[in-house]
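Nothing in this text is a laboratory measurement; each read-out follows from the coordinates by a stated rule. All values derive from a computational prediction rather than experimental measurement.
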Amino acid sequence: MRNKEKFITRILMGLFGRIIDGIAVDGDYDAIQLIMTDKIKSLQYKYSRIICDVISVIIGYIGRAVLGVGTVINAFLMGPIVSVFDKHLLLNFMIEIMANKKSCYFFELNP
C-alpha cells in the first residue's frame, strides 16, 4: 500500500509541475516555438511546442540521456498546457491591463 501512495504522490507532483511549467514559460527555448508559429502561419503554438519537445527528446535519446515516462508525457503535453494558460490567463490579464491603462512590472502602456 505504501508504494501505491508514493506512486500516486509522484504522479500528482508531476502533473503539478507541468502546470507550473505551463504558466512560467520564457527564454530562448520558448522563443523557437514562437518563431515557428510566426513563420508558418498554419501552425498553432501547441503543435510547434510538441514538435520542438519531441525533437529535444530524440536528441537526448541519441545522446544517451536517461528518458523516463514523464519526459515523454512532458513532450506531448506542454504545448497544449501552455496554450490553455496563454489563452485563458494571459489574454484576460492583458485585456484588463489595457482596459485600465495601467502599467505592469515588465511593460508600460502609454496612453
Is segment 1-86 best put as rounded, prolate or oblate by its Cα gyration tensor, with a ≥ b ≥ c the root eigenvalues, rounded for a/c under 1.5, and otherwise prolate when a/b is larger than b/c, oblate when not?
oblate
Cut-off under 5 Å, modelled amide H: who pairs with Leu67 long-range
none
